[in-house]
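**Q** Dropping the structure in here first, questions after.
The values are calculated or read from the model by the stated rules, or taken from the named source; none is laboratory data. If you're wondering where the values come from, they're calculated on a predicted model, not measured in any experiment. Here Cβ is always computed from backbone atoms with ideal geometry, including for glycine, and neighbour counts include all displayed protein chains. Just the protein is used for accessible areas: all its heavy atoms, side chains included, with ligands, DNA and RNA removed. Shrake-Rupley method; radii C 1.70, N 1.55, O 1.52, S 1.80 Å.
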Amino acid sequence: MLEYDKTLILFGRSSFINEIKNDIPELIKKYHTMGCNYFCESFPDVEYVVFYDDIIPKVKPESTIITNVRHYYDATKNCYNLCHTHKNIEFYTINKNSNDFSFRDSQLNFCIHTPSMALNWAYRKGFKNVVIAGIDLIVQTPHFDKDTTPDANCPNFTDSAVLVARKHLTKVASRYLNLYQLNPKSDIEIKKITLQDLKQ
């Protein structure tokens, strides 16, 4: 059984989210949770929101934002108002590095996709366990909310990018965190966990 206070559920936006959407509110109430990018627009009660690119979701004031420090300085983007009015926000310089986590103050390493920096953050914040849900790392997989968000097209990773991102999960993030995959159909080589396990 996972310790609630040391466990983070990290939600991505693959179509798997539609299979568990009725259970997500319960998980949000029970665990620390983080949503990548626009996830929070469908599930606004998520505790943390992480984004890297020019992806500016509508974030509930109670949620904590983790994002790229460049958004703080860019007054021409619509993120300016969000980043200067939202009180729960953490800015980080982002270092593109697929071989390790960053341990420098106010810096996170990034490898291919947003969850990589979220995992670096989770370790730095003292989490021991991270359950990934909706992070399937398939070359083309539609977003669960693809019809309602500005980036309606599904992510278009190349085969090589998917391999690098998967290796980052299994060889890098797994050195620091106990990783669990909630999608039973995923072929990423990390330990599986079920909804029933999380609800116990």
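**Q** In the range 45-78, what count of residues is obtained for those that are more than 14 Å from the chain's Cα centre (by Cα) and open to solvent by 30 Å² or more (accessible area, probe 1.4 Å)?
**A** Qualifying residue count for the region: 16.
**Q** Is it true that some residue in the range 99-112 is open to solvent by less than 60 Å² (accessible area, probe 1.4 Å), at pLDDT 95 or above and of a type in the set (Ser, Thr, Tyr)?
**A** Yes: one or more hits.
**Q** Every residue in the range 154-200 that is farther than 15 Å from Val130 by Cα and β-branched (Val, Ile, Thr), please.
**A** If the condition is that a residue be farther than 15 Å from Val130 by Cα and β-branched (Val, Ile, Thr), then Thr158, Val162, Val164 are the ones that fit.
**Q** Right, here's the next one. Of all residues in the range 3-15, count the ones that are in a loop (DSSP other than H, G, I, E, B) and either of a type in the set (S, T, N, Q) or surrounded by 18 or more Cβ atoms within 10 Å (Cβ to Cβ) (or both).
**A** Qualifying residue count, the range 3-15: 3.
**Q** On to the next question. Mind telling me which of the residues Asn37, Asn22, Asn18 ends up being surrounded by fewer than 20 Cβ atoms within 10 Å (Cβ to Cβ), touching a residue at least 24 places away in the same chain (Cβ under 8 Å) and not basic (Lys, Arg)?
**A** Just one listed residue meets the conditions, Asn18.
**Q** Identify, please: which residue in the range 113-157 is of a type in the set (S, T, N, Q) and open to solvent by less than 80 Å² (accessible area, probe 1.4 Å) and is, among those, modelled with the lowest pLDDT?
**A** Of everything passing the filter in the range 113-157, Thr149 is modelled with the lowest pLDDT.
**Q** Okay, next question. In the range 25-62, which residues are of a type in the set (Asp, Glu) and not in a helix (DSSP H, G or I)?
**A** Asp45, Glu47, Asp53, Asp54, Glu62
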